[in-house]
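Shown next, in structure tokens, is the structure this report addresses.
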Amino acid sequence: MKERVRKLFERLETPVDALVVANSVEPHLDQSFFYLFDVPSGLFEGSVLVARPDGRIDLLTSPLEAQTAEEAAKGDTSITVHRVERDGTEAQLGKILDGATTVGLNFAELTHGWFTHLEKLRPGTTWVDVSAPIRKVRAVKDREEVERLRRAAEIGSKVGVEIPTLLRRGMTELELAAEIEYRMNRHGASGRSFATIVAFGPHGAEPHYSPGEARLAAGDSIVCDYGAFFRRYASDITRSFHFGRPDPEMHRVHDIVERAQQAALAAVRPGVPGKEVHLAAQRVIDDSPYKGRLIHGVGHTIGLAVHDGWGYNAKVDEPIEEGMVLTVEPGIYLPGKGGVRIEDDIVVTRSGYEMLSTAPRGYLEVAA
Ligand code: GLY
Ligand code: MN
Ligand code: MN
């Protein structure tokens, strides 16, 4: 953990005396807290972490998860756990920050409520937004993070193999979503990494559709976009299927999306501007009869949250780096008819990438 703190301070453009990461209540928790303090369980609402340039951490936590925090910090002399009642957190924080005149904050995830408290607590402090270096450091994973992301992706892959066996005429989107989430948990997930998307027929034309009461009918295309958390790290996988009657057009669409994904993957290697990965997929789709039907960026970085960092679209100059974990997820969306998206999680290696998710991706017609 000391190593992660040091790495972060090395990336700061403006030196600071301390860095404060303050959690509010679910879902307003700053995942950087769990990047800097690797703790297996606990919610840590209202908890605060203060990190110093030499790698030291002061952790303020309530009795609700203090025991877990103390166990996680055991033997690590760089971490001091302060067990405080919720209403005592600010006074303790004020003491810990005594002497710190320039303090870094993650503006991207700190609540305005917390900022107001901090301003009152330490008037005269210079607050520095360190959200950009935090994002960058978190984007490049260490070995332990990659292993957890791999496990999260493996769970998703197992479920991807099972989905075709779950399809029944007349089942609702919500029922299929429930099955997917249940099976992820049975395979070892601590939960879903985002609200599962199951879209039947025309609903598949909307990438971020929320499942409802629509019932599966012969001839429907099916888009399932789901992910698991494994020890706080996320996966994000999409598989698309066809149900019942053959549909030559959706078969063709599926093949084009598969080719677009292969083209995007072939562009992945360290040093390549992110937009090149997107454009490789877009070219395949725009050269087909479905020009313009890729309506989102081709992927995003993933880690302690499903959308953790930034997305890859036609404007991203930032280069891909070794150790980044990202999704590659082209899709074709046909309003009134349906959609196909294929999404996998990869880790960038020295010469290219390694696939973390493995479920079959090809066109599959499941008998009604
Ligand atoms: N799971 C949402 C997405 O792929 O962006
Ligand atoms: Mn995604
Ligand atoms: Mn997804």
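The values are calculated or read from the model by the stated rules, or taken from the named source; none is laboratory data. What you see is a predicted model; the values in this text were computed from it and never measured. Methodologically, a virtual Cβ is constructed for each residue, glycine included, from the backbone with ideal geometry; neighbour enumeration extends over all protein chains shown. Side chains included, ligands, DNA and RNA excluded: accessible areas come from the protein's heavy atoms. Shrake-Rupley method; radii C 1.70, N 1.55, O 1.52, S 1.80 Å.
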Cβ-placed point charges (K, R +1; D, E -1), dipole of the stretch 1-51 about Cα centre in debye, nearest 20: 200 debye
Added length on full extension, which subtracts the Cα-Cα distance from 0.36 nm per residue, L166 to L64: 32.8 nm
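Which order do I295, I302 take by accessible area at a 1.4 Å probe, largest first? Write out the running numbers ahead of the final one.
On the way: I295 90, I302 0 Å².
Ranked list, largest accessible area first: I295, I302.
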Could you tell me which of rounded, prolate or oblate describes the stretch 74-136, using a ≥ b ≥ c as the square roots of the eigenvalues of the alpha-carbon gyration tensor, with rounded for a/c under 1.5 and, failing that, prolate when a/b is larger than b/c and oblate otherwise? oblate
Test of the criteria: in the stretch 76-156, which GluC sites (Glu not before Pro) are in a DSSP loop and have at most 14 other Cβ atoms within 10 angstrom of their Cβ? E85
Sparse-neighbourhood loop sites, trypsin sites (Lys or Arg not before Pro) in the stretch 255-357 - DSSP loop, at most 13 other Cβ within 10 angstrom: K291, K315, R350
Could you give me the ³J(HN,Hα) list for the stretch 187-196, computed from phi with Karplus coefficients 6.51, -1.76, 1.60 and θ = phi - 60°, whole Hz, x at Gly and Pro? 8, x, 6, 8, x, 8, 8, 6, 5, 4
Setting aside same-chain residues fewer than 8 positions from K158, which lysines have a Cα under 24 Å from its Cα? K141
Normalised by the empirical 2.2 N^0.38 Å for globular proteins, what value does the Cα Rg of the chain take? 1.08
GNM on the chain, C-alpha springs below 10 Å: top fluctuator among E213, E321, E65? E213
So how do L279, L304 rank on accessible area, 1.4 Å probe, biggest first, that is with the largest at the start? L279, L304
Taking r as the C-beta separation of F107 and D38 and R0 as 35 Å, the FRET efficiency to the nearest 0.05 is 0.90
Per-pair calculated FRET efficiency, R0 = 51 Å: T14 and R186 via Cβ, rounded to 0.05: 0.60
